[in-house]
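Q: Quick one: structure below, then a few questions.
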Amino acid sequence: MIKIICVGKIKENYLKEAIMEYKKRLSKYIKLEIIEVADCDHTNVAKILCTEKERIEKYIQEKDYVITLEIEGKMLDSLTLAETIDTIQQHYSNITFVIGGSYGIDESIKKRTNLSLSFSKLTFPHQLFRIILLEQIYRSYRILNHESYHK
């Protein structure tokens, strides 16, 4: 199973539709769960990160392989991401991706992570990044199943 834990809710219908499309496509390959945790409206960054950390940690199980999405993380190409997902699934039943809020991810979650992953040095809107992540997971399964899609 793949879990995606995200800070914040999707408000725009066009983004919800894209997410639903990728969930439908991925259902052929895996069980997928997207968990939205509320973002924090404090003004103190440390308090925001702490509150979001507590909300995220409720959904991370000890047996999960945790991948955090961070600008500082390791960059992979799509083929390597597919191979990485395949290797992880041979040893873990759950892969949990964590997309933090506007201020990133609390240090304690970063320390818990098995893999810190970056898609770019660019900053993306969190709602849009969720779709980018879903597309790359879908691409990975297409690659692993030797199906046309990846060019």
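None of the figures in this text is laboratory data; all of them are computed from the coordinates on show. Since we're looking at a predicted model, the values are computed, not measured. Heads up, the Cβs are rebuilt from the backbone with ideal geometry, glycines too, and the neighbour counts pull from every protein chain shown.
Q: Say we join alpha carbon atoms closer than 10 Å with springs in a Gaussian network model of the chain; which of Thr96, Thr87, Thr43 then has the biggest fluctuation?
A: Top of the fluctuation ranking is Thr43.
Q: At 0.36 nm per residue, minus the direct Cα-Cα distance, what do Leu15 and Thr80 gain on full extension? Give it in nm, one decimal, please. Numbers along the way, then the final one.
A: Working: separation 65, 0.36 × 65 = 23.40 nm, distance 2.69 nm.
In short, 20.7 nm is gained.
Q: Another question, then. Once label points are set 7 Å from the Cα along Cα→Cβ at both Glu147 and Lys24, what is their separation, rounded to one decimal in nm?
A: 1.4
Q: Need the full-extension length gain, Ile35 to Ser120, defined as separation in residues times 0.36 nm minus the C-alpha distance. One decimal, nm. Can you show the working numbers first?
A: On the way: separation 85, 0.36 × 85 = 30.60 nm, distance 2.32 nm.
Stretched fully, the Ile35-Ser120 segment lengthens by 28.3 nm.
Q: Here is a further query. Using only DSSP helix segments of four residues or longer, with each worth -39500 (n - 2.57), what per-residue ellipticity at 222 nm results for the chain after dividing by its residue count and rounding to 500? Display every interim value, and only then the final one.
A: Numbers: 5 runs with 64 residues, N = 151.
The helix contribution divided over the chain gives -13500 deg cm²/dmol.
Q: Antiparallel as a % of all DSSP beta bridges within segment 2-144, to the nearest 5? Write down the numbers at each step before the final one.
A: On the way: 1 of 22 bridges.
Roughly 5 percent of the DSSP beta bridges within segment 2-144 come out antiparallel.
Q: Give me the percent relative contact order of the chain, please, defined on Cα pairs under 8 angstrom at least 6 residues apart. Mind showing how you got there, number by number?
A: Numbers: 232 pairs, mean separation 49.8, N = 151.
Across the chain, relative contact order equals 33 percent.
Q: Which residue, Ser140, Ser78, Ser108, tops the fluctuation ranking in a GNM of the chain built on C-alpha contacts under 10 Å?
A: Maximum fluctuation in the GNM of the chain, among the listed residues, is at Ser108.
Q: Okay, moving on. Among Arg25, Arg139, Arg130, which one shows the highest mean-square fluctuation when the chain is modelled as a Gaussian network with alpha-carbon springs under 10 Å?
A: Highest fluctuation of the listed residues: Arg25.
Q: Taking Rh as the Kirkwood radius, which is the inverse of the mean 1/r over Cα pairs, what is the Rg/Rh value for the chain? Write down the numbers at each step before the final one.
A: Working: Rg = 15.0 Å, Rh = 15.8 Å.
Reported Rg/Rh (Cα atoms, Kirkwood Rh): 0.95.
Q: From Cα pairs below 8 angstrom and at least 6 apart in sequence, can you work out the relative contact order of segment 1-45, rounded to a whole percent? Mind dumping the intermediate values first?
A: Values: 38 pairs, mean separation 28.0, N = 45.
Answer for segment 1-45 is 62 percent.
Q: Moving on. Residues with beta-carbon under 12 Å from that of Glu70, excluding Glu70: net charge, scoring Lys, Arg +1 and Asp, Glu -1?
A: Working: positive: Lys74, Lys110, Lys121; negative: Glu72, Asp106, Glu107.
My count for the surroundings of Glu70 gives 0.
Q: Another question, then. Could you work out how much longer the chain between Tyr103 and Thr43 gets when fully extended? Use 0.36 nm per residue separation minus the Cα distance between them, nm to one decimal. If you can, show how the numbers build up before the last one.
A: Details: separation 60, 0.36 × 60 = 21.60 nm, distance 1.13 nm.
Full-extension gain reported as 20.5 nm.
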